[in-house]
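Below is one structure, written out as structure tokens; the observations come after it.
What follows is calculated from the coordinates using simple rules that are stated; it is not laboratory data. Keep in mind it's a predicted model, so treat the numbers as computed, not measured. Every residue, glycine as well, gets a Cβ built from its backbone with ideal geometry; the counts of neighbours run over all protein chains shown.
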Amino acid sequence: MTVQVDRQVAVRLDAVSKRYGDLLALDRVGLSVAPGEFVCLLGASGCGKSTLLSLVAGLDEPTAGQITTTGRRVAMMFQEPALFPWLTVAANVEMAMRELPRRERRARAEEFLEMVHLGGFGRKRPHELSGGMRQRVALARSLAQDADVLLMDEPFGALDAMTRDLLHDELERIWRERELSVLFVTHNVREAVRLGDRVVLLSSRPGKVVEEFPVRLARPRRTDSAEVATLAARITDQLKQEVARHAETSGRTSAARPAEPSPRPSAEQTATPPAETASAETASAQNHTAETVSAQNHTEGTVSARNHPAETASARNGGARS
Amino acid sequence: MSTDTHAAQLAGLDALEIQEKRRRHLVSRLWARLWPITLAVGIVLAIWQGVVWAGFWEPWVFAGPTEVFPVLYERLGTAEFWQAVGVTMRRAVTGFAAAVLIGLVVGALVSRVKVLRAAFGSLITGLQTMPSIAWFPLAILLFKLSESAIIFVVILGAAPSIANGLITGVDYTPPLLLRAGHVLGFRRLQLYLHVILPASLPSFLAGLKQGWAFAWRSLMAGEIVVIIANQPSLGEQLHYARELADSAGLLATMIVVLVLGIVIDLLFETGDNALRRRWGLRAG
């Protein structure tokens, strides 16, 4: 679903570009997150996912374009917990509430720790906890910021699968309870489908919105369910094609203009899924095909790659040269 | 999945992943530290005695442990000895405290202000390598043969290391923590106070430790060069022991200087270890 224009928006990026020297990291990215929406940002490495989050968090300035965030505060979680090792767990959470009086701060820190099922661990030092627990402390600290927009940069990337599954449930519950708007960056397609209301696919170098996939599966979902796997397979195919095309363009000599970017089968929409999900795919393929909406067709410069492969290729090259 | 089972699963994982590490008993910890030291001291004494027995030098030039330790024991009972230790330690503490203060201010400014960094960064490192004895002629010109001259050199010996420790700590603040601080709303001075300074504490401690070593060396050099009347000090004792060819007395004083240096270094190490344990930078 494209975001309705009249609807209030939690985060909005209008033609945001970011350039580091000669490298164009992000190219006219248009993206918006509705209040209470969970958006997953997906892409191969070098697509500028993390750059994009840094821009939204205000850690860095965009070269061009505009970023609007409405709401109280923007909190951010990193791939690593980024806790302060010189403080106890509780004091780390309290760092987010410096404006409150000390006693209230203490009480609320304990509340937030209980929210992530870490009540009673406040006096521990971060290094005394496991990786998953530390990441929950980081989540508690983000929540303590009283933010309504939560940016997450591959927060569960370094965790084992079981812990990650549990934290997905955890995050989903908290997202619902606190009506957060989440922009979640990952390179794990299933994770994106497991969590997101919408999965946004970014191309690499420069990062550009290629396509958006609404996820209309009932919650709570399971990462290992057939439905999740099916949609994930389709997104993965698309992602692979993005990556493959990148190899081709970089391999070409400058004389041979990439007029025809890559072997893009027109039958792509019904691309053969991996064997293990074949039966599920046929069952739900029609639904999802109908749901797939090309990304922000109205936004200048971000054209759906699937519908207009040649145009996208030229836009990409133009962007890289400019 | 219900919230309860969910919480139970999380708690189960947590319990599996955390292991309470119990620290060993104080006595066994002390013993573990003490026996290697005892062994080392024993070996050094044996070599010392061996050299004396080998007879390279006359016994009144190079006294053996059997002569030195009685002298040392006798000294420990005299008021003059303790006065000398008192004077030396007073100078050490005064000089070191001033060096910490100066090192902190200079380090904070240089690490914070880009222009100052460009101007003084390498100068501070250069000062660190300058032998403190090279400062004494100037110090004596400036302050005459006074305690100020000694303190001046002690400060110049220690302050660069301390400043450098802080600067290095600031430079090596993990960028991730800076970003986390930024997201939490810390800017400029607040970021410096709440994130950068605490993060640079281990490096600052290392700087303090090194600064102390330089201060102690500078102090001994200074006390041998600058001798002040009615101010008995360890350095002065070394000087007179040489003049009087009192080998046993000389070595006894040297042992005192060595032991004092080691004891204070141990204090720094204890602080450093406590910090590392709290931060989880080392096992145990």
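The long axis of helix B:114-129 is offset from the longest Cα principal axis of chain B by roughly 40 degrees. Annotation for region A:133-148 versus region A:31-95: alpha-carbon center distance of 12 Å.
Please go through region A:89-173 and write out the GluC sites (Glu not before Pro) that DSSP classes as loop and that have at most 12 other C-beta atoms within 10 Å. For GluC sites (Glu not before Pro) across region A:89-173 that sit outside H, G, I, E and B with at most 12 neighbouring Cβ atoms in 10 Å, the list reads A:Glu99. Packing around the peptides B:33-40, B:76-83, B:128-135, A:139-146, taken as the average count of other Cβ atoms within 10 Å per residue, puts them in this order, highest first: A:139-146, B:128-135, B:76-83, B:33-40.
Per residue, the convex hull spanned by the alpha carbons of region B:65-188 comes to 187 Å³. Packing order of peptides A:129-135, B:190-196, B:217-223, highest average first: B:217-223, A:129-135, B:190-196 (average count of other Cβ atoms within 10 Å over each peptide's residues). Here A:Lys240 is the anchor, and the lysines within straight C-alpha reach of less than 17 Å, apart from those fewer than 8 places off in the same chain, are A:Lys49, A:Lys208. About the centre of its Cα atoms, region B:64-279 shows a dipole size close to 1360 debye [charges on the beta carbon of Lys, Arg (+1) and Asp, Glu (-1) only; nearest 20 debye].
Over the residues of chain B, the helix contribution to mean residue ellipticity at 222 nm works out to -26500 deg cm²/dmol, using -39500 (n - 2.57) for each DSSP H run of at least 4.
For chain B, the longest principal axis of the alpha carbon atoms and the long axis of helix B:234-243 meet at an angle near 30°.
By a straight-distance test (C-alpha under 27 Å), which lysines pair with B:Lys209 as possible cross-link partners, with residues fewer than eight away in the same chain excluded? Once the sequence-local lysines are set aside, what remains near B:Lys209 is B:Lys114. Taking the longest Cα principal axis of chain B as reference, the axis of helix B:147-171 is set at about 20 degrees. When peptides B:246-259, A:228-241 are sorted by average Cβ neighbour count within 10 Å, with the highest value leading, the order is A:228-241, B:246-259. Comparing B:Leu208, B:Ser233, B:Pro174 along the charge dipole axis of region B:64-279, the residue lying farthest to the positive side is B:Pro174, per the Cβ-charge model.
First obtain the Kirkwood hydrodynamic radius of region A:33-124 from its Cα pairs, then insert it into the Stokes-Einstein equation at 25 °C and 0.890 mPa s, and state the resulting D in µm² per second as a whole number. Rounded, D is 154 µm²/s. Here's the picture: charge each Lys and Arg Cβ at +1 and each Asp and Glu Cβ at -1 in region B:1-83, and of B:Trp53, B:Tyr73, B:Gly12 the one pushed furthest to the positive end of that dipole is B:Gly12. What the Cα atoms of chain B give is an Rg and a Dmax of 25.0, 88 Å. Shielding of peptide A:89-102 by partners, expressed as the average count of other chain Cβ atoms within 10 Å per residue Cβ, is 1.
Counting Cβ atoms of other protein chains within 10 Å of each residue's Cβ and taking the mean over peptide A:166-173 gives 3. Computed from the Kirkwood radius of its Cα pairs, the Stokes-Einstein diffusion coefficient for region B:20-84 at 20 °C and 1.002 mPa s stands at 142 µm²/s. Structural descriptor for region B:64-279: relative contact order 28 percent, calculated from alpha carbon pairs under 8 angstrom and at least 6 residues apart.
Among B:Leu191, B:Met254, B:Val110, flag the residue with its Cα farthest along the positive direction of the charge dipole of region B:64-279, charges on Cβ as +1 for Lys/Arg and -1 for Asp/Glu. Sorting the options by dipole projection puts first B:Leu191. Legend: mean number of C-beta atoms from other chains within 10 angstrom of residue C-beta atoms, peptide A:141-148, equals 1. Taking 19 Å as the straight-line reach from the Cα of A:Lys18, the aspartates and glutamates in range (excluding those fewer than 8 positions away in the same chain) are A:Asp27, A:Asp60, A:Glu61, A:Asp153, A:Glu300.
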